[in-house]
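The block underneath contains the structure these notes are about, expressed in structure tokens.
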Amino acid sequence: MTYEEALVQYIEATNSHDFNNVKKILHDKAIYWFTDKTCSNLSEIQNYFENAWDIIKEEVYTANDVNWITIDQNSATCIYTYHYEGYYNGKFIEGSGRATNIFIKTNNNEWKLIHEHLSRH
């Protein structure tokens, strides 16, 4: 799997609304910076994802205008515009923001997400 494929799998896993799928793409030491919270371990990340899926029903998350800004043998960093849509209290909502993802290659030659930073526009 390439780093580009890892990003695609990550987006697909996120849209599955099953954290077990997301966890397969995450590095054990992943750290997330959300607009309202920092999650510094997998348990905190899982709680954040599952809470978001609970609040926004049928959420669909997409990455647009992906730009890989650094790439080497063991790491790759991309920035993109994220977009989400779903139902909040029965009403359709949507929004977008900026994202940074850092992937690293593990000893097993797997690309894992070690950091994500999301912020609203």
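Every number here is computed from the coordinates shown, using simple stated rules; none is lab data. The model shown is predicted, which means the values in this text are computed figures rather than measured ones. Positions of Cβ are backbone-derived with ideal geometry, glycine not excepted, and every protein chain shown enters the neighbour counts.
General remarks:
- The residues listed here are I45, I69, I55; of these, the one that is within 14 Å of H115 (Cβ to Cβ) and more than 14 Å from the chain's Cα centre (by Cα) is I69.
- Checking each residue in the stretch 6-33 for being in contact with a His (Cβ under 9 Å, 6 or more places away or on another chain), crowded, with 16+ Cβ neighbours inside 10 Å and closer than 19 Å to G95 by Cβ picks out only Y32.
- Restricted to the stretch 70-118, and to residues there that are exposed (fewer than 13 other Cβ atoms within 10 Å of the Cβ) and small (G, A, S), the residue that is farthest from Y48 (Cα to Cα) is G90.
- For N109, the stated conditions do not hold, so it cannot be described as more than 12 Å from the chain's Cα centre (by Cα) and more than 19 Å from T2 (Cβ to Cβ).
- Look at (1) in contact (Cβ under 8 Å) with a residue 40 or more places away in the chain; (2) more than 19 Å from E4 (Cβ to Cβ); (3) not polar (S, T, N, Q) and you find that W68 fails only one, number (2).
- For the stretch 47-76, the tally of residues that are within 21 Å of Y88 (Cβ to Cβ) and not in a strand (DSSP E or B) stands at 10.
- Residue count for the stretch 38-59, restricted to those that are of a type outside the set (A, V, I, L, M, F, W, C) and surrounded by 12 or more Cβ atoms within 10 Å (Cβ to Cβ): 9
- Considering (1) buried (at least 18 other Cβ atoms within 10 Å of the Cβ); (2) within 13 Å of H115 (Cβ to Cβ); (3) over 12 Å from the mean Cα position of the chain (by Cα); (4) among the hydroxyl-bearing types (S, T, Y), the lone condition that Y3 does not fulfil carries the number (2).
- Only one of H117, H121, H27, H17 that is within 17 Å of T2 (Cα to Cα), touching a residue at least 24 places away in the same chain (Cβ under 8 Å) and not charged (D, E, K, R): H27
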